[in-house]
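Q: I am attaching a structure below and will ask some questions about it afterwards.
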Amino acid sequence: MLKTTIEGLIVAVQPRIRLLRSFDQRQHNYPGYALLVESAADRKQAWIGVGPAAQAKFGFCAGGRFSAEVEPVANPDLEPVAFYKAAKIRYTLGIPQPGSPPPWFGVPPDLPTYRARGHRRLDPHVYERVCHLCIWGCRMAVEMTIDQWNPEEKQYRRETFCYGPKSCPIYHAGLVREVPGRNGTTWIEEDWVDEEATSHRGPDD
Ligand code: SF4
């Protein structure tokens, strides 16, 4: 894979999570964090994946300046980012983002915290408009096993989620999600799934 150097301003930091679905079952993998970096050269923005160790070491947050050698991801179906395997990382703290939340800026929590909080589905349009900037937003690469007796048959897509306070005024769930299954069946993920996943949190947690 051809390495390239990306240098610029970190616009957002979010968890980098992969969602594995098999009809009504779901499971998460936590490869690390996704940094949205605006290139100093041409102002283009790109999502870059880093591991949890790099995030713990540098404490990346929006407003910081980042540079690293990176590689294009080998399989875009499995990654919500365009680049990963960052090496020769350099990072300098920047000026904290102005304004009060939402969206939330700052250094995101560790991955076990996201796992413990649980998520609710998030309207992809709201994600594109605002929530891609928020530490509680997440756009996951989703791998769906359509038939558990034929696990090679997969489908892929992206889904957006919110790990943030349930009282956030920006939040909008959007359409319920449907998961295809064998022989043309469909699992409809109703609101109770999100309510159950976040029932341990109060509205402002
Ligand atoms: S809806 Fe969620 S991701 Fe969006 S701003 Fe509010 S807390 Fe952040």
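The values are calculated or read from the model by the stated rules, or taken from the named source; none is laboratory data. Everything numeric in this text was worked out from a predicted model, so none of it was measured. Here the Cβ positions follow ideal geometry from the backbone for every residue, glycine too, while neighbour counts run over all protein chains shown. Protein only, heavy atoms only, side chains kept; ligands, DNA and RNA dropped before computing areas. Shrake-Rupley method; radii C 1.70, N 1.55, O 1.52, S 1.80 Å.
Q: Output the strands (runs of 3 or more DSSP E) that fall wholly within segment 1-101 and possess 3 or more residues being of a type in the set (Ser, Thr, Tyr), or say none. Walk me through how you get there before you give the answer.
A: Values: elements: 4-22, 25-39, 45-50, 65-72, 83-92.
Where strands (runs of 3 or more DSSP E) fall fully within segment 1-101 and carry at least 3 residues being of a type in the set (Ser, Thr, Tyr), they are 4-22, 25-39, 83-92.
Q: In segment 131-160, what count of residues is obtained for those that are open to solvent by 40 Å² or more (accessible area, probe 1.4 Å) and either within 17 Å of the chain's Cα centre (by Cα) or within 29 Å of Pro96 (Cα to Cα) (or both)? Explain how you work it out, then say what you get.
A: Step one: of segment 131-160, the residues open to solvent by 40 Å² or more (accessible area, probe 1.4 Å) are 133, 139, 148-158.
Cutting the leftovers down to either within 17 Å of the chain's Cα centre (by Cα) or within 29 Å of Pro96 (Cα to Cα) (or both) gives us 133, 139, 156-158.
Residues meeting the conditions: 5.
Q: Moving on. Can you tell me how many residues within segment 105-114 are modelled with pLDDT of 95 or more and either open to solvent by less than 70 Å² (accessible area, probe 1.4 Å) or in contact with a His (Cβ under 7 Å, 6 or more places away or on another chain) (or both)?
A: Selection size over segment 105-114: 5.
Q: Something else now. Quick check on segment 158-167. Is at least one of its residues away from the ligand (no atom under 16 Å from the Cβ) and either farther than 23 Å from Cys61 by Cβ or in contact with a helix residue (DSSP H, G or I) (Cβ under 6 Å, 6 or more places away or on another chain) (or both)?
A: No: segment 158-167 contains no residue that is away from the ligand (no atom under 16 Å from the Cβ) and either farther than 23 Å from Cys61 by Cβ or in contact with a helix residue (DSSP H, G or I) (Cβ under 6 Å, 6 or more places away or on another chain) (or both).
Q: If a residue has to be near the ligand (Cβ under 8 Å from one of its atoms) and either touching a helix residue (DSSP H, G or I) at 6+ places or on another chain (Cβ under 7 Å) or on the phi > 0 side of the Ramachandran plot (or both) to count, how many in segment 121-135 make the cut?
A: Looking only at that region, the number is 1.
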